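Some notes on the structure that comes next.
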Amino acid sequence: MGIMNTRQQSKVIYSWYGKPMSSDRKLRTSKYRGILITSESSRTENCIQLGEFILVEGENADEPFVAQLLDLYEDGAQEKHAVVQWFSHITEVPPNKRKLLKREVSPQEVFFDQVPGFDTDIAVETIIKSTMVCTAAPLHVEGRNGTNLKSIIEQCSSNKKGGETESVVQSATKPKPVELQIESKHSASKSSLAKERHSQRVANGIKTPTARKKLQLNSTYMAIFCLFGSFECNMFCVSSFCGVQTMVIFNISIFIHSVVCVYLKLFISVSHSILNALEFNKEEESSSSSHSSCSSSSEEEENDEICTPKKKTKLSRPVSTPKSSRKSSVHTPARTPKKTPLPGTPKTPRNATPEIPRRKHATQKPASVLEEARLRLHVSAVPESLPCREEEFQDIYNFVESKLIDGTGGCMYISGVPGTGKTATVREVIRCLQQAAENDELPAFHFLEVNGMKLTDPHQAYVQILELLTGQKVTATHAAVLLAKLFNTPGPKRKTTVLVVDELDLLWTRKQNVMYNLFDWPTQKHSKLIILAIANTMDLPERIMMNRVASRLGLTRMSFQPYTYKQLQQIISSRLNNVKAFEEDAIQLVSRKVAALSGDARRCLDICRRATEICEFDSQKGAPEIVRMAHVTEAIDEMFSSPYVNAIRNASLHEKNFLRAILAEFRRAGVEEATVQQVYHHQVALCRMEGIPGPTVSEVMAICSRLGAHRLLLVEASAKYLELRVRLNVSQDDVMYALKDE
Ligand code: ATP
Ligand code: MG
């Protein structure tokens, strides 16, 4: 029975080619030599066999991945799997490794890819079709001290004793030369290149590539590859097209899992000069060519026969993996995605105070201590460190790091009242992770950020995420469908996506679909999506889920507590960084005032900055001074004594209680909007506690319209009676400050 696929609206059926080659009764798996892809619309049948190169579905329909088919098997659940070796386009190669190539790379070139973290076990339905690749010659490597390929080979051979490949590898990887150069030989003439390679062989005692010699080459190339590994470069770049001789080398390269550069046949046309060079090489290397055709197993010829006839030139014929190598590369079929552990333990900044990178260019020097303090205290200034958030930083870092290493998805829900450093801490975590990925300590990942405050409508979140991820611009409904599909389908080579959703509270919709999807996508088996959701409300997930099962989502939670006065003191001192602009008592006063109200670092910094401004103004009149208690008190009064605060202070008892009830409802709901009915419930409870008679419904409606007329509240225009929606037109801090001493 075949599997249906609806690629490009046409039915594609995948069925095995031939009978099983072998079966494992215990695992209930069967291996096959080929797969038939039948397209119902075009009525074509394509047979792909082991060893052939294939195109695999990518994130983008126009950019399929390239791989070589190593194994085909059916598991116990009768699902069809393929085990592949990935080849990367230059765009998939990390920029720091691209630099090592030191040459222009055509978009058609692909590189043997040993980057850990990609699944090599894929569903056959992701295979689009077979493709042809042509191999190019291995590169010439030149070390800092003139060490070239030959000398590396010699060095490795002399180190090697009786097949102790691993010890050779280790000895080769230990010293870490920094400036190994990889030189392209594109310009070299074919004949000189052939001669050079011939002389390299002679230097290694390789006269004719016999099986034994292959073994020698095998270990030598392995050592060379590991030398590359020592430079954290998993590519082996190849200089130019070079006929049959290259084929032999390529055969060996594949055999030993070395690295080759291949060209996609789909996109290239082989130029006459290359073909001429090929002819030349063919003549010169006729003996090795005849051997190469011998070395390609009879099985390969057999494959050629059974396949749908395809015209293959010798150059473009896909290289079949020799039997022995196939054995070594056969993966034990497993249904669970394979995790490739990273070499060594990841270097995470344990117990480190998160730091923020320094500026490249020095800013204009501030004229006075007070001016410097004012600039340092601005909320938009990037602090050098985030004191008092070390634990939270470490927990978030560990969460994302472990998911990245496992190649899985997950969601962390981060909540806390405003100004508790949620955004600042998450940004710092991402910066450290990006740095670790750049240094190859972690697998590379896509980073996206969406802010509920910046979206015109919650559904725009879908549009923005899709655009950031794939560059596609579509409507919100379509984007939601595409994203759900993307996170639900296996994307074996897809990088993990780290998505930060800030101000999540604002993505509130009537059906809660946006928030629900954000919590749901990371739980999908193939999502490879890590979400860091930041919100002010603690129990938002529970309220979104309502009748959906919240526990299924397995959210990891983190709550940022309001800062205590000591922490706020530490934050201000660390921001000032030894700039002696404040009296110690003045800092303590601000910290205590803010900690008693909200524990909001933003508010604390604002007051300090305003106090500095007042002090600067005073200094202009007389002798220069530093910020004292008087300046801070003036700043606090100024900040909180707005006409609004005065209006609240002079309001009636029921009006004040109505405002208290609004604060209580906002805190309960986590949304800064409520109906009069919801507020009324709180007000009645408050009056009961105070032992005073509660207002009637019509009195509450009158209170509401009076506060609305004073612009302390924003009241909905329509007359919905108790269903009327209200919002505060002043900050919650101001209301609390005004009502505090009552
Ligand atoms: P909101 O919920 O309103 O988005 P938030 O919790 O995301 O608030 P941030 O934006 O991270 O708060 O922080 C507010 C301001 O306070 C920023 O300028 C930030 O630099 C500063 N800040 C917060 N915590 C610290 C800290 N531990 N050290 C230094 N500065 C801090
Ligand atoms: Mg924030």
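Things worth noting here:
- Selection of region 364-414 for residues being over 30 Å from Ile530 (Cα atoms) and crowded, with 20+ Cβ neighbours inside 10 Å yields Leu370, Ala373, Arg374, Arg376, Leu377.
- Of the strands (runs of 3 or more DSSP E) lying entirely inside region 1-120, those containing at least 1 residues that are modelled with pLDDT of 75 or more and over 26 Å from the mean Cα position of the chain (by Cα) are 12-17, 22-24, 29-32, 34-39, 44-49, 53-56, 65-74, 80-89.
- Of all the listed residues (Pro357, Pro366), the sole one being modelled with pLDDT under 75, within 22 Å of Asn439 (Cβ to Cβ) and more than 16 Å from ligand 2 (Cβ to nearest atom) is Pro357.
- Of all residues in region 420-439 being more than 16 Å from ligand 1 (Cβ to nearest atom) and under 23 Å from Arg557 (Cα atoms), the one that is surrounded by the most Cβ atoms within 10 Å (Cβ to Cβ): Leu433
- Residues that are within 16 Å of ligand 2 (Cβ to nearest atom) and polar (S, T, N, Q) within region 415-462 comprise Ser415, Thr420, Thr423, Thr425, Asn451, listed in sequence order.
- Of all residues in region 644-675 being among the polar types (S, T, N, Q) and either assigned to a helix (DSSP H, G or I) or modelled with pLDDT of 95 or more (or both), the one that is surrounded by the fewest Cβ atoms within 10 Å (Cβ to Cβ): Asn646
- Looking across Leu589, Leu605, one residue alone is within 16 Å of ligand 2 (Cβ to nearest atom) and buried (at least 18 other Cβ atoms within 10 Å of the Cβ). It is Leu605.
- None of Val684, Val726, Val730, Val697 is in contact (Cβ under 8 Å) with a residue 60 or more places away in the chain, more than 23 Å from Arg603 (Cβ to Cβ) and not charged (D, E, K, R) except Val726.
Let's see how each residue does on (1) surrounded by fewer than 20 Cβ atoms within 10 Å (Cβ to Cβ); (2) touching a Lys or Arg at 6+ places or on another chain (Cβ under 8 Å); (3) free of Cβ contacts under 8 Å to residues at least 40 places away in the same chain:
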position	(1), (2), (3)
Glu441	yes, yes, no
Leu448	yes, no, no
Leu482	yes, no, yes
Leu504	no, no, no
Gln512	yes, no, yes
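- The sole residue among Leu506, Leu499, Leu529 that is within 29 Å of the chain's Cα centre (by Cα) and within 15 Å of ligand 1 (Cβ to nearest atom) is Leu506.
- Residues that are within 15 Å of ligand 1 (Cβ to nearest atom) and of a type in the set (Asp, Glu) within region 440-478 comprise just one, Glu449.
- As for region 681-698, it holds no residue that is buried (at least 20 other Cβ atoms within 10 Å of the Cβ) and of a type in the set (A, V, I, L, M, F, W, C).
- The combined condition, being within 24 Å of Val379 (Cα to Cα), within 16 Å of ligand 2 (Cβ to nearest atom) and assigned to a helix (DSSP H, G or I), is fulfilled by Ile571.
- The listed residue being more than 24 Å from Pro562 (Cβ to Cβ) and either touching a Phe, Trp or Tyr at 6+ places or on another chain (Cβ under 6 Å) or of a type in the set (Gly, Ala, Ser) (or both), out of Ser619, Ser591, Ser598: Ser619
- Applying a threshold of 7 Å to beta carbon distances and a minimum spacing of six or more residues, or different chains, the list of pairs starting in region 515-539 at a residue that is on the phi > 0 side of the Ramachandran plot and ending at one that is among the β-branched types (Val, Ile, Thr) and away from ligand 2 (no atom under 16 Å from the Cβ) reads Lys528/Thr496; Lys528/Thr497.
- Among the conditions (1) under 24 Å from Ser619 (Cβ atoms); (2) within 16 Å of ligand 2 (Cβ to nearest atom); (3) of a type in the set (Ser, Thr, Tyr), the only one that Ser598 does not satisfy is (1).
The values are calculated or read from the model by the stated rules, or taken from the named source; none is laboratory data. Note that the structure is predicted; figures quoted are calculated from it, not measured. FYI the Cβ positions are ideal-geometry reconstructions off the backbone, even for glycines, and counts take in every protein chain you see.
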